[in-house]
Amino acid sequence: MRPRRGIRWLGPGAAAGLALLALAVPLVADTSTVNVGVFTLMYVGLATAWNVMGGYTGYISLGHAGFFGIGAYTLGLFVNHLGVPGGYGPFLAVPVAGLVTAALAVPVGWIALRTRAATFVIVTIAFMFMLQILATNLRGLTGGSQGLGFPTPQDWSPDFVDVPFYYAMLALAAVGIAASWWIRHSKLGLGLLAIRDDEDRALSLGVPTWAFKMTAFVVSAALVGMIGGVYGYYVTYVYPQFVVDPLVGLSMVLMAFLGGTGTIAGPVLGALLLEPTQLELAYFAGSARLYLVLYAAVFLAVILFLPRGVIPSIAERLEARRAAA
């Protein structure tokens, strides 16, 4: 009984320790480390949000970068048209980015969720590129290829400017993890997992598959949109190829698969492992695109040695050892 109780408390204890560590990072770390933390937490939130749809339902979306871009443009347009000055004000408008993204995700989901498997993947990719084209051509709204600027904080020192964005990304990552945990342990989560295992059988058993899939799709999109809004404000300037970037969507997917899709901790672990490594590689190699080689190598390694991801594979081995003992 004692070992079993220890395993039960390992998850919450580890989560509490990571939360305290994350809160303390800006207090003890230098500016470059906090900058890495901003992007790492961004991908923790993105991978977790993607997992709500892709991991729980088995519907693999490669177009979530479109929702990321919608969130970035929404926040930029909102604060610019209302004249919100740089500082803490734009953070208060982040939920608006989430709401607009969720609203636009409904018609996208209405079309995409009528398909399955490879067709669904293709539809989500088409949506992303269509949005990229629209953002480029709607110059009066988005600025086109010249981009859209954000107000910049005037009274934040260079040593402090990353800190508010770090905590904003941390808060959104926490919201995403909490939402993922709640969904995973709810009737909705059970229905989503049933859809992933056998959608036709789930439908025959009375699971409202359409409503459940749409709910997961919209929640996932809203979370990604809010993170996109904070990202746009952080970099202060966005243009279509920058925020509606296929590599952003691919990164979410790879990080979720690396840690283990359909789990709560898997996407978090995948982002914590992969994003800092990618940033270091880009820094030392002098080219951000070289991390594609790393992504390809990691993806192949995961498929070959940990096909279910790190978390599920470790859990299976622990269960096997426990059963053997």
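Restricting attention to segment 295-314, the residues that are assigned to a helix (DSSP H, G or I) and crowded, with 17+ Cβ neighbours inside 10 Å add up to 6.
Every condition in (1) more than 17 Å from A271 (Cβ to Cβ); (2) without any contact (Cβ under 8 Å) to a residue 12 or more places away in the chain holds for T33 except the one numbered (1). Pick from segment 191-238 the residues that are touching a strand residue (DSSP E or B) at 6+ places or on another chain (Cβ under 9 Å) and surrounded by fewer than 18 Cβ atoms within 10 Å (Cβ to Cβ): which of them is nearest to N137 (Cα to Cα)? Once the filter is applied, the top-ranked residue is Y237.
In the set V253, V219, which member is modelled with pLDDT of 95 or more, hydrophobic (A, V, I, L, M, F, W, C) and either touching a Cys at 6+ places or on another chain (Cβ under 8 Å) or under 26 Å from V106 (Cβ atoms) (or both)?
Within the list V253, V219, the selection yields V219.
The sole residue among A126, A105 that is among the small types (G, A, S), at pLDDT 95 or above and crowded, with 16+ Cβ neighbours inside 10 Å is A105. Is one or more of the residues making up segment 67-80 closer than 23 Å to G266 by Cβ, modelled with pLDDT of 95 or more and buried (at least 23 other Cβ atoms within 10 Å of the Cβ)? Checking segment 67-80: at least one residue is closer than 23 Å to G266 by Cβ, modelled with pLDDT of 95 or more and buried (at least 23 other Cβ atoms within 10 Å of the Cβ). Looking across T261, T277, one residue alone is farther than 25 Å from P90 by Cβ, polar (S, T, N, Q) and surrounded by fewer than 18 Cβ atoms within 10 Å (Cβ to Cβ). It is T277. None of P158, P151 is outside any helix (DSSP H, G or I) and either surrounded by 17 or more Cβ atoms within 10 Å (Cβ to Cβ) or among the aromatic types (F, W, Y) (or both) except P151.
Applying the selection to segment 83-101, what residues are within 11 Å of F67 (Cα to Cα) and modelled with pLDDT under 95? Answer for segment 83-101, where residues must be within 11 Å of F67 (Cα to Cα) and modelled with pLDDT under 95: there is none.
Please verify whether A14 is under 30 Å from R139 (Cα atoms), in a helix (DSSP H, G or I) and of a type outside the set (F, W, Y), treating the condition exactly as stated. For A14, the condition - under 30 Å from R139 (Cα atoms), in a helix (DSSP H, G or I) and of a type outside the set (F, W, Y) - is not met. Residues that are among the polar types (S, T, N, Q) and touching a helix residue (DSSP H, G or I) at 6+ places or on another chain (Cβ under 7 Å) number at least 2 in the following helices (runs of 4 or more DSSP H) confined to segment 90-143: 117-137. The condition (being more than 20 Å from the chain's Cα centre (by Cα) and under 30 Å from V253 (Cβ atoms)) is satisfied by just one residue among L148, L131: L148.
The values are calculated or read from the model by the stated rules, or taken from the named source; none is laboratory data. Just so you know, these numbers come straight off a predicted model, no measurement behind them. Methodologically, a virtual Cβ is constructed for each residue, glycine included, from the backbone with ideal geometry; neighbour enumeration extends over all protein chains shown.
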